[in-house]
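These notes are about the structure you will find just below.
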Amino acid sequence: MPYVNRSSFTVNAPPEEAFALISDLTRSPEWATNPLTVEVVGGGPLGVGARYRSEAKFMGKDVHAEQEVTAYEPPTHFAFTNTEGRERYLHDFTVHEQSGKAVIERTITFLVPGFRGLGIRVAVPFLSKKFDRQATEKLNEVFPG
């Protein structure tokens, strides 16, 4: 059974600029809470079907993953699937304006089998607040207002 985590970030930027940042996966290292590199696989324009490859260090683990864009509707909606072996993570973002700032709402659906999936159900609710705070801080470093 999937586990779903929702979070929201308010950043000092127009929604169009915030959308441009989060939808360009090669710019993810600018606001990621862990060391990360992302490269385009196969070229082509940003849009549904665009593919990427990433390497990250997350909680002491080396993570090698592939991403594919599943929704691209500038400047309000962006989604991609992150695949790491048998594990899949569905990332879905919406962006809107509120009081002159961009509000980024993110939903991550964890499709992780076995004991690791159970561990995610236990750990993510506790860790997500910390990671969300760090991501908001990093986003506001990119957009100091």
Query raised in the report: Cross-link partners among aspartates and glutamates for Lys138, C-alpha distance below 20 Å, same-chain residues fewer than 8 apart left out?
Result: Glu16, Glu17, Asp24, Glu30, Glu55, Asp92, Glu97, Glu105
Report summary line: The set of residues whose placed amide H lies less than 5 Å from the amide H of Ala50, leaving out same-chain residues fewer than 5 positions away, is Val69
**Report entry** Neighbour net charge for Asp24 - beta-carbon separation under 13 angstrom, K R +1, D E -1
**Finding:** -3
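For the chain, what does the helix formula give at 222 nm: sum of -39500 (n - 2.57) over DSSP H segments with n ≥ 4, over the residue count, nearest 500 deg cm²/dmol?
Numbers: 2 runs with 38 residues, N = 145.
For the chain, the value works out to -9000 deg cm²/dmol.
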Report task. Give the order of Leu25, Leu118, Leu46 when sorted by the count of other beta carbons within 10 angstrom, beginning with the fewest. Result -> Leu118, Leu46, Leu25
Query raised in the report: Got a sec to turn the phi values of segment 117-133 into Karplus ³J(HN,Hα) couplings, 6.51 cos²θ - 1.76 cosθ + 1.60 with θ = phi - 60°, whole Hz, x for Gly and Pro?
Result: x, 5, x, 4, 4, 7, 7, 4, x, 7, 7, 4, 4, 5, 5, 5, 4
Query raised in the report: For the charge dipole of segment 3-142, defined by +1 on Lys and Arg C-beta atoms and -1 on Asp and Glu C-beta atoms about the Cα centroid, which residue among Asn5, Thr33, His96 has the Cα displaced farthest towards the positive pole?
Result: Asn5
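Which order do Ile108, Ile22 fall in if you start with the one that has the fewest other Cβ atoms within 10 Å? Kindly include the intermediate steps, with their values, before the conclusion.
On the way: Ile108 18, Ile22 21.
Ascending Cβ contact count within 10 Å gives the list Ile108, Ile22.
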**Report entry** Net charge of neighbours whose Cβ lies under 10 Å from the Cβ of Arg106, counting Lys and Arg as +1 and Asp and Glu as -1
**Finding:** -2
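Charges only on Cβ, +1 for Lys and Arg, -1 for Asp and Glu: so what's the dipole of segment 3-142 about the Cα centre, in debye to the nearest 20?
Working: 16 positive and 18 negative charges, 134 e Å.
That gives segment 3-142 a dipole magnitude of about 640 debye.
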Report summary line: For Val142, placing the label point 7 angstrom along Cα-to-beta-carbon and taking segment 27-67, residues whose amide nitrogen sits under 11 Å are 27-33
Query raised in the report: Just how far, in whole angstrom, is segment 82-123 from segment 1-57 if you go by their alpha carbon centroids?
Result: 12 Å
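No value in this document is a laboratory result; all are computed from the given coordinates. Small disclaimer: the values here were computed from a predicted structure and weren't measured. Please note: Cβ atoms are built from the backbone with ideal geometry, for glycine as well, and neighbour counts cover all protein chains shown.
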